[in-house]
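Student: I have a structure here, written as C-alpha cells, and I will follow up with some questions on it.
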Amino acid sequence: MGYVKIADDLLWAKQIEGDRDLRDRIVGLPAGATIDLEVDGIVGHWEKAKIGKDGRPTAAVKPVGPMREIWKRFQTRRGEIVRIREMRTADSYLKALGDTLNEWNSTEDDEAFRDL
C-alpha cells in the first residue's frame with residue numbers, strides 16, 4: 001500500500017510514495033483507461049487523464065462517477081497524506097481477463113447468460 005498527498009483535482013502518479021508498482025501502472029495506462037483505486041478507505045473509479053496540449057502523456061488520473069463528488073470533498077483536506085492502493089474488484093478482474101476468455105464471447109452465450 002502506498003501514500004499520496006491530497007493536492008490537486010487530479011491524482012498525480014509522481015505524488016504516490018511507497019508503491020512504485022501503482023505509480024508505474026498509472027503512468028503506463030493509455031489515456032481514457034480506467035482503474036479502481038482505494039483512497040483513504042474509499043473505493044472508486046478513476047480515469048487516466050488525456051494527452052496534454054503539448055502532446056505529452058499526462059501521468060495522472062481523474063475521478064469518475066460517484067468518486068468525482070467524493071474527491072471534491074477530499075479537496076477540503078489538501079495537504080493531508082492518505083493511503084492509496086489499486087483494487088482488484090471482480091469487474092476489473094473480469095475486464096482484464098476478457099480477451100483471454102474469448103471462448104465465451106459468442107452470441108449464443110450472450111443470449112443464454114444475459115440475465116445473470
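The values are calculated or read from the model by the stated rules, or taken from the named source; none is laboratory data. Predicted, not measured: the structure shown is a model, and the values here were computed from it. Please note: Cβ atoms are built from the backbone with ideal geometry, for glycine as well, and neighbour counts cover all protein chains shown. Just so you know, the surface numbers come from the protein's heavy atoms only, side chains and all, with ligands and any DNA or RNA stripped out. Shrake-Rupley method; radii C 1.70, N 1.55, O 1.52, S 1.80 Å.
Student: Keeping all protein chains in the complex and leaving out DNA, RNA and ligands, what accessible area do you get for GLU111 with a 1.4 Å probe, in Å² to the nearest 10?
Tutor: Per-residue accessible area (GLU111): approximately 110 Å².
Student: Assign unit charges at the C-beta atoms only (+1 for Lys and Arg, -1 for Asp and Glu), then state the dipole size of the range 7-65 relative to its Cα centre in Debye, rounded to the nearest 20. Show your work: numbers first, answer last.
Tutor: Values: 9 positive and 11 negative charges, 77 e Å.
Dipole size: approximately 380 debye.
Student: Probe 1.4 Å, all protein chains in place: accessible area of ASP24 in Å², nearest 10?
Tutor: Its accessible surface works out to 90 Å², give or take rounding.
Student: Taking a 1.4 Å probe, which of ILE42, ILE6, ILE51 shows the most accessible area, and what order do the others take after it? Don't jump to the answer; show the numbers that get you there.
Tutor: Numbers: ILE42 60, ILE6 0, ILE51 95 Å².
Result of the area sort, largest leading: ILE51, ILE42, ILE6.
Student: What does the accessible area of LYS48 come to, in Å² to the nearest 10, when a probe of 1.4 Å is used?
Tutor: 10
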